[in-house]
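Values in this text are rule-based calculations from the coordinates and carry no lab data. This structure is a prediction, so every number in the text was calculated from the model and none was measured. Ideal geometry is used to build each Cβ from the backbone, glycine not excepted, and the neighbour counts take in all protein chains shown.
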Amino acid sequence: MKKIVNKQIVFFGGKGGVGKSTSASAFALTSARKGQKTLLVSTDPAHNVGDIFHKRLSGNPKRLTENLFAIEIDPNEETKRYLDGVKDNLKGLVKAKMVEEVHRQIDLAGSSPGADEAAMFDRLVSIILDEKGSFDTIVFDTAPTGHTIRLLTLPELMGAWIDGMLKRRENLNKNFSAWMGDGEPVEDPIYDILDKRKERFAEVRKILLDDELTEYVFVLNAERLPILETEKAVETLRKHDLLVNTLVVNKLLPDVEDSSFLRKRKEQEKEYIQMIDKKFNQQEKIFIPLLDGDVSTLEALDRISEAMQEELFQ
Ligand SMILES: Nc1ncnc2c1ncn2[C@@H]1O[C@H](COP(=O)(O)OP(=O)(O)OP(=O)(O)O)[C@@H](O)[C@H]1O
Ligand SMILES: [Mg+2]
């Protein structure tokens, strides 16, 4: 049995179009069928999990089949939710006549680069921490490689960033208490908010780094460019101590005798599979065949799920 089967959190990443959404959906379906209560989360701004199941999904878990639930994270909605949260946190901290100006500033910040990412990240953190108790398995379908790597390495970055902010506030506070005369420390609600966020990030980071709990799966095809991109991504994540232990090699051609065209492609594919075996000798591999049509119906997804089950439990 492959190790991935017993993980609580599973991320599916990879180059555009290789089959991340298909593999994540098939894995989630397989996990649900095994009796695990499973949550499938799409963090890709160009969602396709909903399309695969022919269901309209939203930011809250929706039941797809027995034991299987799904969420689609909408970056715009998350940015709004995030900014509303920031405004809420500041309630009572700024003087009434400043509120409008502060809100204007926050809204401006919301349209700046990076805001969507911060909001997505906040939601990722809340899903991991808050839904972990309600589900046996959480499966993340992510956007193409670069985006995912940034998302996964954010706990580290944000931790360092918040540390800097906390230091600055501590100094500010010290000066402030000194000015106030008696030198007694004053309460700083912003410090507390930052400190709480830091704690949550640290908690998520611990989960993301724990390979008993979390699995990173890269999906690729037996072709040159996806192999090279996967190699780079595996290396980048390793630098952040995130180990990719599983690969899904998707869209493998059938064995054919009667077509010289397909036979030639199959030969090339064999060479690439050897290359995958050599380059990724540390990773477990799951091989999925190419179907004769898109995976856009439940029946097709079932076929992928069956192929996956054979590979998972062999
Ligand atoms: N094993 C397969 N057999 C046949 N078609 C497949 C298979 N796997 C995926 N596909 C098809 O390939 C296309 C891309 O798959 P999918 O949407 O899962 O990729 P993705 O990596 O999530 O793409 P994106 O980067 O755009 O999110 C889809 O049309 C899907 O139906
Ligand atoms: Mg996708």
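Dividing the alpha-carbon radius of gyration of the chain by the rule-of-thumb value 2.2 N^0.38 Å gives 1.17. Computed from phi, the 3J(HN,Hα) profile of region 222-234 under the Karplus parametrisation 6.51, -1.76, 1.60 (θ = phi - 60°) reads 7, 9, 4, 5, x, 5, 5, 5, 5, 4, 5, 5, 4 Hz, with x in place of Gly and Pro. Summarising the amide proton neighbourhood of Thr246: residues at separation of 5 or more, or on other chains, whose placed amide H is nearer than 5 Å comprise Tyr216, Phe218, Glu284. The HN-Hα couplings worked out from phi for region 82-89 by the Karplus form 6.51 cos²θ - 1.76 cosθ + 1.60 (θ = phi - 60°) are 5, 5, 4, x, 4, 4, 4, 4 Hz, whole numbers, x standing for Gly and Pro. Rounded to the nearest 20 debye, the dipole magnitude of the chain is 240 debye, with +1 charges on Lys and Arg beta carbons, -1 on Asp and Glu beta carbons, and the Cα centre as origin.
Relative contact order of the chain: what whole-number percent is it, with Cα pairs under 8 angstrom and at least 6 residues apart?
Reported relative contact order: 26 percent.
The string of couplings for region 282-288 from the Karplus curve (6.51, -1.76, 1.60, θ = phi - 60°) is 7, 9, 7, 10, 10, 9, 10 Hz, one whole number per residue in order, with x for Gly and Pro. Calculated [222 nm] ellipticity per residue, helices only, for the chain: -18500 deg cm²/dmol; basis is -39500 (n - 2.57) per DSSP H run with n ≥ 4, divided by all residues, nearest 500. For Ile138, the residues 5 or more places off, or on other chains, whose built amide H falls under 5 Å of its own are Ile9, Val10, Leu39. Taking the longest Cα principal axis of the chain as reference, the axis of helix 115-131 is set at about 80 degrees. May I ask for the distance between the Cα centers of region 83-146 and region 212-227, given as a whole number of Å? Measuring centre to centre over Cα atoms gives 29 Å.
In terms of packing, defined here as the mean over residues of other Cβ atoms within 10 angstrom, the peptides 128-135, 16-23, 221-228 line up highest first as 16-23, 221-228, 128-135. Look at the dipole of the chain built from charges on Cβ: of Val234, Gly85, Ser25, the Cα furthest out on the positive end belongs to Val234.
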